[in-house]
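In what follows, a structure is listed as structure tokens, so that the remarks can point back to it.
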Amino acid sequence: MKKIALITTGGTIASKENEEGRLVSGVLTSEEYCDLEGIPSDIEVSIFPLLNKPSMHISLSELNQIAEQITTLFEQGFHGAVITHGTDSLEESSYYLDLIIDHSNPVVVTGSQRSSKASGSDADTNLIQSICAAASDKLIDIGTVVVFNERIFSAKYVKKEHAYNLQGFESFGYGHLGTIDGQKVILYQKPSDRQVYPSVIQDIPKVEIIKCYLDADEILIDACIANKVEGIVLEGNGRGQISPSQMEAVLRGIETGITFVLTTSCEQGRVDTTYDYYASAQHLYENGVILGSDMNSKKARLKLIALLRSKKDVVQGFMD
């Protein structure tokens, strides 16, 4: 008998319509939307309501609490964990948990694009298939995954691709790890390694994201400097280029001790020192900006936060 912990946090899967016909996330209790009648007889599910709110209202502090609860439940004998979550920030929460949960047991994050009470809802299917995935030995020691619309995704590369379609998530350039056919878990590939950074400090560093675009100026970077942020992720263009005015502010930020990480706005590909001119990736790298490889800006921000909290070498962390 596999013991699975179902941790609920709200989101669309826990939503219902108000009098105006608009959805209010995190209104239904766990018992109202967690239909477990279809789970296999050899899986025992225990529900742990933790939060009940829209996913954009969830904080990193609350994700730390979720990670601590999951670790405790694993120590108590649970074989896997499923987290129901709103889809708006699901890609961020799943990756953050992937970075900080140091355990081999499967952790699965899921949700729904439609309310559990809506016609054609994907809530029940996603929930049951996530429970089956969490109970599968095939997912042991590969970190946190996302299960959505019969597909299994790596938390590192999954991204919400559609605002409302049932096929809401994708991993551009990498594909999904496997599929779930009914209740059968089929795994095609696994991540080559896991990157886990257990926290040694309680404080959560302030890390911001700055988008780079044609004629962007220094205002946002200077605002971050004035507010003493600890890190800034630059979402550059192409191989990682930014505007000249932004470069001037980056140099000021580096002098104050801010850690900068460079990413690309492209869906696929890596930042690289291919070009050599003012405000290019090479120029940024020469002045101490860390290259963020193929990560998007949201994921790079979370990795930087996890690295700073773990007090591990940030440069090496982004090279791994």
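The values are calculated or read from the model by the stated rules, or taken from the named source; none is laboratory data. Computed from a prediction, not measured in an experiment: that's the story for all the values here. For neighbour counting, all protein chains shown are included, and Cβ atoms are generated from backbone atoms with ideal geometry for every residue, glycine included.
Taken as a whole, the condition of being closer than 25 Å to Ser310 by Cα and either at pLDDT 95 or above or part of a helix (DSSP H, G or I) (or both) applies to Ala67. Would you say Asp124 is surrounded by fewer than 24 Cβ atoms within 10 Å (Cβ to Cβ), assigned to a helix (DSSP H, G or I) and either in contact with a Ser or Thr (Cβ under 8 Å, 6 or more places away or on another chain) or outside the structural domain of Leu28 (by TED's automatic domain parsing) (or both)? So Asp124 passes the test. Hey, among the residues in the stretch 205-247 that are in a loop (DSSP other than H, G, I, E, B) and under 20 Å from the mean Cα position of the chain (by Cα), which one's nearest to Tyr277 (Cα to Cα)? Here the answer is Lys206.
Scanning the stretch 165-204 for residues being of a type in the set (S, T, N, Q) and in a strand (DSSP E or B) gives a total of 1.
Condition test on Ser46, is it without any contact (Cβ under 8 Å) to a residue 12 or more places away in the chain and either among the small types (Gly, Ala, Ser) or surrounded by 19 or more Cβ atoms within 10 Å (Cβ to Cβ) (or both)? Against the criterion (without any contact (Cβ under 8 Å) to a residue 12 or more places away in the chain and either among the small types (Gly, Ala, Ser) or surrounded by 19 or more Cβ atoms within 10 Å (Cβ to Cβ) (or both)), Ser46 does not qualify. Residue count for the stretch 196-236 satisfying the condition of being at pLDDT below 95 and surrounded by 12 or more Cβ atoms within 10 Å (Cβ to Cβ): 2. Within the stretch 248-266, count every residue that is in contact with a Cys (Cβ under 8 Å, 6 or more places away or on another chain) and assigned to a loop (DSSP other than H, G, I, E, B). So the count comes out to 2.
Residue count for the stretch 104-113, restricted to those that are buried (at least 18 other Cβ atoms within 10 Å of the Cβ) and either within 17 Å of Leu73 (Cα to Cα) or at pLDDT below 95 (or both): 5.
Has the stretch 129-142 got at least one residue that is of a type in the set (Lys, Arg) and in a helix (DSSP H, G or I)? Yes, that holds for at least one residue. Restricting the stretch 84-114 to residues that are outside any loop (DSSP other than H, G, I, E, B) and aliphatic (A, V, I, L, M) leaves a set whose member that is nearest to Leu60 (Cα to Cα) is Leu97. Keeping to the stretch 244-264, report how many residues are surrounded by fewer than 19 Cβ atoms within 10 Å (Cβ to Cβ), under 13 Å from Ser280 (Cα atoms) and touching a strand residue (DSSP E or B) at 6+ places or on another chain (Cβ under 9 Å). Residues meeting the conditions: 0. Of the residues examined, Ser297 is not one that is surrounded by fewer than 19 Cβ atoms within 10 Å (Cβ to Cβ), of a type in the set (Ser, Thr, Tyr), under 22 Å from Ser94 (Cα atoms) and in the same structural domain as Val229 (by TED's automatic domain parsing).
Among the residues of the stretch 32-51, those identified as assigned to a strand (DSSP E or B) and more than 12 Å from Ile4 (Cα to Cα) are Pro49, Leu50, Leu51. Taking the condition in the same structural domain as Leu6 (by TED's automatic domain parsing) and within 20 Å of Asn64 (Cβ to Cβ), does Val158 pass? When the stated conditions are applied, Val158 does not pass them.
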